[in-house]
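Contents: one structure, followed by commentary.
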Amino acid sequence: MKITTFNPLIVTRDAPSAIALFEELGFQRRHTKEGISMNNVTDVRMKDANGFHVDIAEGTGEWTMIRINVDNLEEAISFLEARGFHKARHEAANKTVDTGSSRFNIMVSPSGTIFAVSQHTKEND
């Protein structure tokens, strides 16, 4: 399993305010992904001049996660489960979500650290 990106992912009830804060910190919107999961979530990916990324998603609660993009989602999930992680227990987050351009799972460590583990997919896969 190879990690290809690693950055914070902020899920918040007030995404516009969080986005505005990061814009004031020098981040720019790179792309927006809409209609994610059964809750129709929108995620905004941002990047600053130093190459740092942050993802901000509108949600029903307030969570800060670590987004880890990998080259093999199944391998990453097995790796984490072998170390005590489990898939999120909330109905909307406990299964693999296919966004059309990626697949992801929310994984929770025994101590409560949350990882959003994703793999980009290609149209011809």
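The values are calculated or read from the model by the stated rules, or taken from the named source; none is laboratory data. Every value quoted in this text rests on a predicted model; they were computed, and no experiment measured them. Here Cβ is always computed from backbone atoms with ideal geometry, including for glycine, and neighbour counts include all displayed protein chains. Quick note on the areas: whole protein, heavy atoms, side chains included, nothing else; ligands and nucleic acids left out. Shrake-Rupley method; radii C 1.70, N 1.55, O 1.52, S 1.80 Å.
Over the chain, dividing the summed -39,500 (n - 2.57) contributions of all DSSP H runs of at least 4 residues by the number of residues returns a 222 nm mean residue ellipticity of -4500 deg cm²/dmol. Computed with a 1.4 Å probe on the full set of protein chains, the accessible area for E81 sits at about 90 Å².
Positive contributions from Lys and Arg (+1) and negative ones from Asp and Glu (-1), summed over other residues with Cβ under 13 Å from the Cβ of A116, come out at +3.
Distance between the modelled labels on T5 and F52, one decimal in nanometres: 1.6 nm (7 Å Cα→Cβ projection).
Need one word for the range 47-91: rounded, prolate or oblate. Basis is the Cα gyration tensor (sqrt eigenvalues a ≥ b ≥ c); a/c below 1.5 gives rounded, then a/b vs b/c decides. Oblate, since a/c reaches 1.5 and b/c is not below a/b. Distances between placed amide hydrogens fall under 5 Å for T5 paired with N69, all partners being 5 or more residues away or on another chain. Calculated accessible area for the chain comes out at 60 Å² per residue, all protein chains present (probe 1.4 Å; ligands, DNA, RNA ignored).
Between S111 and S17, residue separation times 0.36 nm minus the direct Cα-Cα distance comes to 30.9 nm. Simple point charges give the picture: +1 on the Cβ of Lys and Arg, -1 on the Cβ of Asp and Glu, and for the chain a dipole about the Cα centre of about 180 debye.
At R0 = 30 Å, how high is the FRET efficiency between A82 and T121 if r is their beta carbon distance? Nearest 0.05 is fine. Efficiency, rounded to the nearest 0.05: 0.80. Measuring only protein heavy atoms, the 1.4 Å probe finds V41 accessible over about 30 Å².
Below 12 angstrom from the Cβ of K47, what's the summed charge of the other residues (Lys, Arg +1; Asp, Glu -1)? So the surrounding residues net to 0. Here the Karplus curve 6.51 cos²θ - 1.76 cosθ + 1.60, taken at θ = phi - 60°, turns the phi angles of the range 106-113 into couplings of 9, 10, 10, 7, x, 8, x, 5 Hz, with x standing for Gly and Pro. With a simple spin-label model that places each label point 7 Å from the Cα along the Cα-to-Cβ direction, the separation between L25 and S101 comes to 2.3 nm.
Per residue, the average separation of C-alpha pairs within less than 8 Å and at least 6 apart gives the chain a relative contact order of 27 percent.
Ranking R89, R103, R83, R45 from most to least accessible surface, computed with a 1.4 Å probe over the protein chains only, gives R89, R83, R103, R45. Anisotropy class assigned to the range 1-83 is oblate, per the alpha carbon gyration tensor with a/c at or over the 1.5 cut-off and a/b no larger than b/c. Taking Cβ atoms as reference points and 10 Å as the exclusive limit, the residues near K87 contribute a net charge of +1, counting Lys and Arg as +1 and Asp and Glu as -1.
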